[in-house]
């Protein structure tokens with residue numbers, strides 16, 4: 001079996017799986033992700049997660065350090081976006097998705113999640 | 001070995017005459033393959049492997065076994081997770097997978113007639129282009145449909161119809177003395193296999209007997225019309241009592257196909273998290289529930305969906321972080337493995353790759369307090385023995401009873417770990433039995449424990465029936481305390 005190097009928490013697995021799969025399918029998205037350099041914190045109501053983007057790789061961890069961007073969203077709102085019942089823009093404008101830090105990275109965050117889903 | 005070398009050769013030659021040289025084996029390498037399964041049950045070698053192609057060949061093998069008084073154990077894929085096809089007393093393992101025809105689909109009375117070697121994969125492919133659906137387990141596509149029904153397996157329409165033995169219309173069976181008998185309406189007419197009654201229902205002589213009373217060669221099983229609308233939702237939650245309460249409410253509403261209530265550890269295992277790492281982490285939701293429902297019209301679908309959402313609100317009041325979403329949406333994130341929940345049967349690779357997988361799977365009362373207590377007790381026991389708490393439960397037959405079980409993986413390479421798993425299963429059995437949980441696909445050791453505890457007159461009656469049907473005691477001996 002292939003060695004599993006991803007996160008083992010239930011939401012980390014979801015984001016890791018979706019990101020990895022999309023990067024395999026879409027070279028342009030892969031290039032975009034591999035050129036990011038930031039610590040993106042997703043504050044779900046269950047627990048926060050950090051997606052650490054570094055040159056050519058990303059990791060997902062529950063240990064938060066040096067956040068570049070902090071996005072706060074309820075799990076239900078996040079799942080509604082995944083489900084196609086709502087969109088990132090709608091959640092953002094409806095203040096269901098809030099930037100606690102790093103709003104200048106809004107478009108990058110938008111691109112990470114909109115393409116991933 | 002049961003026989004002297006000369007007798008062994010004699011039996012071998014006679015078996016070859018019955019089924020042909022290439023369908024009999026006593027090669028040690030092949031005997032080894034039939035001596036064990038994925039569970040913690042100790043291996044035991046057969047003396048011969050025989051693969052018949054017809055009912056006539058089975059009858060001849062049974063007559064031969066009576067002549068030499070050697071055991072026969074029916075086998076298809078040995079995927080039962082109860083050690084039920086391990087030949088405890090040696091003898092012949094009768095591998096039925098060459099008898100793999102789907103003989104008939106009756107569209108008027110909605111049933112199929114199958115042979116024992118038909119697998120869920122075969123059946124799904126066969127029904128794909130028809131208007132009918134069957135009822136599939138969370139099991140690999142190579143599992144036997146007939147064995148699953150005879151052993152009261154639980155499938156993805158079991159909330160509607162109960163365990164799979166409840167959807168058998170009739171059987172053709174070879175008795176331990178070699179007679180061929182039909183049970184059900186097919187006893188009167190070859191072309192009518194639509195039901196079990198109103199004649200005395202003798203099917204109970206063969207259901208859950210684990211091949212101790214007969215080798216079933218044909219079986220009629222109900223199928224149901226496909227519905228144009230079908231959907232799957234899932235819930236993540238923390239409060240077990242309230243989650244279970246809404247599961248029970250939805251089950252009783254008579255609108256659902258299937259409801260699974262699982263620990264989050266089970267989801268992680270299905271998603272491929274390696275052995276030992278499928279554990280609950282602080283802050284995570286504890287429970288995942290999948291909801292399967294279907295409808296004839298869009299309006300009916302929407303009405304059902306509204307009811308589900310309203311019921312979910314009751315959970316949300318007590319468990320504010322609980323979420324409701326679609327399985328398809330989750331599959332966008334988690335990928336194909338998660339989508340397989342909607343596309344049974346399927347193989348959970350991560351469950352089997354360490355060589356060992358087992359459970360104490362039980363049917364039990366739906367009482368809320370008992371279930372919550374059962375989970376707590378079982379989790380404590382599993383944690384004490386150092387395994388993953390992969391709970392997998394299903395509401396059965398409109399909420400009349402509950403399937404409560406664990407999917408426990410372990411490494412078969414470590415004898416210490418195998419022994420620890422045996423202890424764990426025994427402890428789980430002892431504690432859950434006290435709560436009214438009865439192990440299905442009952443392993444021999446659990447059957448012996450039940451016999452010590454249950455009505456002795458039931459045991460006497462079972463022994464009398466067994467003695468009457470199988471006077472030489474050759475059909476799968478060592479099960480249910482019968483030597």
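The values are calculated or read from the model by the stated rules, or taken from the named source; none is laboratory data. Remember, it's a predicted structure, so these values are computed and weren't measured experimentally. In this analysis, Cβ positions are derived from the backbone assuming ideal geometry, glycine residues included, and neighbour counts consider all displayed protein chains.
Just one of the numbered conditions (1) within 14 Å of chain A (Cβ to nearest Cβ); (2) assigned to a strand (DSSP E or B) is not true of residue B:316; which one?
Just one mismatch for residue B:316, condition (2).
Limited to segment A:99-117, what total is found for residues that are at pLDDT 95 or above and closer than 27 Å to residue B:309 by Cα?
0
Can residue B:330 be described as over 20 Å from residue B:411 (Cα atoms), modelled with pLDDT under 90 and part of a helix (DSSP H, G or I)? It would help to see each step written out before you state the result.
Values: over 20 Å from residue B:411 (Cα atoms): yes; modelled with pLDDT under 90: yes; part of a helix (DSSP H, G or I): yes.
Against the criterion (over 20 Å from residue B:411 (Cα atoms), modelled with pLDDT under 90 and part of a helix (DSSP H, G or I)), residue B:330 qualifies.
Only residues that are in contact (Cβ under 8 Å) with a residue 40 or more places away in the chain, within 14 Å of chain B (Cβ to nearest Cβ) and under 14 Å from the mean Cα position of the chain (by Cα): list them for segment A:7-41, please.
A:7, A:11, A:12, A:15, A:16, A:18, A:19, A:22
Is at least one residue of segment A:63-80 exposed (fewer than 13 other Cβ atoms within 10 Å of the Cβ), modelled with pLDDT under 95 and within 27 Å of residue A:25 (Cβ to Cβ)?
Looking for residues that are exposed (fewer than 13 other Cβ atoms within 10 Å of the Cβ), modelled with pLDDT under 95 and within 27 Å of residue A:25 (Cβ to Cβ), one finds none in segment A:63-80, hence no.
If a residue has to be under 25 Å from residue B:127 (Cβ atoms), within 14 Å of another protein chain (Cβ to nearest Cβ) and either surrounded by 20 or more Cβ atoms within 10 Å (Cβ to Cβ) or in contact with a strand residue (DSSP E or B) (Cβ under 9 Å, 6 or more places away or on another chain) (or both) to count, how many in segment B:340-380 make the cut?
Counting residues in segment B:340-380 that are under 25 Å from residue B:127 (Cβ atoms), within 14 Å of another protein chain (Cβ to nearest Cβ) and either surrounded by 20 or more Cβ atoms within 10 Å (Cβ to Cβ) or in contact with a strand residue (DSSP E or B) (Cβ under 9 Å, 6 or more places away or on another chain) (or both) gives 1.
Condition check: more than 30 Å from residue B:319 (Cβ to Cβ), free of Cβ contacts under 8 Å to residues at least 60 places away in the same chain and not in a strand (DSSP E or B). Does residue A:106 satisfy that?
The answer is yes for residue A:106.
Just one of the numbered conditions (1) over 30 Å from residue B:231 (Cα atoms); (2) free of Cβ contacts under 8 Å to residues at least 12 places away in the same chain; (3) in contact with a helix residue (DSSP H, G or I) (Cβ under 8 Å, 6 or more places away or on another chain) is not true of residue A:86; which one?
Just one mismatch for residue A:86, condition (1).
Filtering segment B:273-305 down to residues that are out of contact with any helix residue (DSSP H, G or I) (no Cβ under 9 Å at 6 or more places or on another chain) and in contact (Cβ under 8 Å) with a residue 60 or more places away in the chain, which residue is farthest from the other protein chains (Cβ to nearest Cβ)? Give the steps one after another, and end with the answer.
Initial filter on segment B:273-305 (out of contact with any helix residue (DSSP H, G or I) (no Cβ under 9 Å at 6 or more places or on another chain)): B:276, B:282-283, B:296-305.
Now drop any that are not in contact (Cβ under 8 Å) with a residue 60 or more places away in the chain, which leaves B:276, B:296-298, B:300-301, B:305.
Details: B:276: 10, B:296: 24, B:297: 22, B:298: 18, B:300: 21, B:301: 16, B:305: 12 Å.
Residue satisfying both the conditions and the ranking: B:296.
Which pairs turn up if I take residues in segment B:252-268 that are within 14 Å of chain A (Cβ to nearest Cβ) and look for partners that are assigned to a helix (DSSP H, G or I) with beta carbon separation below 6 Å, at least 6 apart in sequence or on another chain?
Here the result reads B:264/A:10, each pair linking segment B:252-268 to a residue that is assigned to a helix (DSSP H, G or I).
Going through B:346, B:387 one at a time, which residue ends up being at pLDDT 85 or above, outside the structural domain of residue B:157 (by TED's automatic domain parsing) and farther than 19 Å from residue B:241 by Cβ?
Details: B:346 fails: at pLDDT 85 or above.
It is B:387.
Does segment B:186-195 contain at least one residue that is under 24 Å from residue B:100 (Cα atoms), not in a loop (DSSP other than H, G, I, E, B) and not assigned by TED's automatic domain parsing to the domain that holds residue B:311? Spell out the reasoning first.
In the first step, residues of segment B:186-195 are kept if they are under 24 Å from residue B:100 (Cα atoms); the result is B:186-187, B:189-195.
Still in the running and not in a loop (DSSP other than H, G, I, E, B): B:186-187.
Subset that is not assigned by TED's automatic domain parsing to the domain that holds residue B:311: B:186-187.
The answer is yes, given that some residue of segment B:186-195 is under 24 Å from residue B:100 (Cα atoms), not in a loop (DSSP other than H, G, I, E, B) and not assigned by TED's automatic domain parsing to the domain that holds residue B:311.
Could you tell me whether segment B:283-291 includes any residue that is in a helix (DSSP H, G or I) and within 32 Å of the chain's Cα centre (by Cα)? Outline the logic, then answer.
Of the residues in segment B:283-291, the ones in a helix (DSSP H, G or I) are none.
No: segment B:283-291 contains no residue that is in a helix (DSSP H, G or I) and within 32 Å of the chain's Cα centre (by Cα).
Do we have any residue at all in segment B:125-134 that's touching a helix residue (DSSP H, G or I) at 6+ places or on another chain (Cβ under 9 Å) and not in a loop (DSSP other than H, G, I, E, B)? If you could, list the steps in order and put the result at the bottom.
Filtering segment B:125-134 for residues touching a helix residue (DSSP H, G or I) at 6+ places or on another chain (Cβ under 9 Å) gives B:133-134.
Keeping just the survivors that are not in a loop (DSSP other than H, G, I, E, B) gives B:133.
Looking through segment B:125-134, at least one residue is touching a helix residue (DSSP H, G or I) at 6+ places or on another chain (Cβ under 9 Å) and not in a loop (DSSP other than H, G, I, E, B).
Could you tell me which residue of segment A:82-101 is surrounded by the fewest Cβ atoms within 10 Å (Cβ to Cβ), considering only residues that are in a helix (DSSP H, G or I) and within 9 Å of another protein chain (Cβ to nearest Cβ)? Walk me through how you get there before you give the answer.
Taking segment A:82-101 and keeping what is in a helix (DSSP H, G or I), we get A:82-83, A:88-93.
From the residues that got through so far, the ones that are within 9 Å of another protein chain (Cβ to nearest Cβ) too are A:82-83.
Values: A:82: 22, A:83: 17.
That would be A:83.
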